Amino acid sequence: MRFSLNAESQRVIHLQLNSHLTTLAGIHKIHHTLHRLNLTEDVGQDSHPSACCSRAMPPRKKRRPSAVEDMSAKKSRQDSVFRKHETPQIREEETFSSKRCLEWFYEYAGCDDVVGPEGMEKFCEDIGVEPENVVMLVLAWKLDAQSMGYFTLQEWLRGMGSLQCDSTERLRNSLDYLRSVLNDGTSFKLIYRYAFDFAREKDQRSLDLNTAKCMLGLLLGKTWPLFPVFNQFLEQSKYKVINKDQWCNVLEFSRTINLDLSNYDEDGAWPVLLDEFVEWYKERQMS
């Protein structure tokens, strides 16, 4: 049986068909533009009238990797090969655990984010080192601690991470290394300079005399034969504080001036403190 459509029905169908064709052509144009600009996302359902139109889209070409991406992929492969052939020493260092180090910190900090005097006392007891031992100063230097008697969480994690220590046992095993650092002239000078700022009150620019004598004894007491005499001089002197210039020049003096002071130049650029020490010492020798 044949059906005939009147003119009005034919016109409506024709308009609907043209509308669908126009929409489809627009979608293809949008997709072509996105593909040309290397935008890799397909036109989603918001841009398609139906899922059927989405499946009609042509497949995208794979974008060729850029030179930077090629280099990145090559480096990734090289790193993978290196990890397969790394030395046992590197693998051992990688066993450091930040989580274990954090738990270790809170054994001494309690609920705070800083190890205070009480926690520090227990910490020293656990590692078998007296608080006034010079190795504690070296450790503080390694942690870049800012205040004597305190280790903050950030200082602890950064410093212990550099030492690869995440437990009491591992730090005990590193104590000989920390002591050996003092034998290196450059490192010793850095530690000596660090000690001044570490030990002083943060609202003061100078170091009070008693603290200065203790720190000098800690750093120079066993290596500078003139230290006992210099300490006596400080005790009877008019000085109540030591500034940083004086502090640094004491180290230079101990390294360069003979024990009999024969090469001391009174017209040199030494601070008055040391001029007075030399004069005082020579008078003692003559009497």
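Of note:
- Here ARG284 passes the criteria (1) part of a helix (DSSP H, G or I); (2) within 20 Å of GLY149 (Cβ to Cβ); (3) at pLDDT below 95; (4) not aliphatic (A, V, I, L, M) except the one numbered (2).
- If you go through segment 133-185 and keep only what is aromatic (Phe, Trp, Tyr) and surrounded by fewer than 18 Cβ atoms within 10 Å (Cβ to Cβ), you end up with TYR150, TYR177.
- Selection from segment 213-260 of residues that are surrounded by fewer than 17 Cβ atoms within 10 Å (Cβ to Cβ), among the hydrophobic types (A, V, I, L, M, F, W, C) and outside any helix (DSSP H, G or I): VAL241, LEU259
- The one condition in (1) assigned to a loop (DSSP other than H, G, I, E, B); (2) modelled with pLDDT of 95 or more that GLN204 fails to fulfil: (2)
- Whether a residue is surrounded by 13 or more Cβ atoms within 10 Å (Cβ to Cβ) and either closer than 24 Å to ARG200 by Cβ or touching a residue at least 24 places away in the same chain (Cβ under 8 Å) (or both) was assessed, and GLY119 passes this test.
- Filtering PHE196, PHE253 for residues that are in contact (Cβ under 8 Å) with a residue 24 or more places away in the chain and in contact with a helix residue (DSSP H, G or I) (Cβ under 7 Å, 6 or more places away or on another chain) leaves a single hit, PHE196.
The values are calculated or read from the model by the stated rules, or taken from the named source; none is laboratory data. Model, not experiment: these values are computed from the prediction. Positions of Cβ are generated from backbone atoms using ideal geometry, with glycine treated the same way; all protein chains shown enter the neighbour counts.
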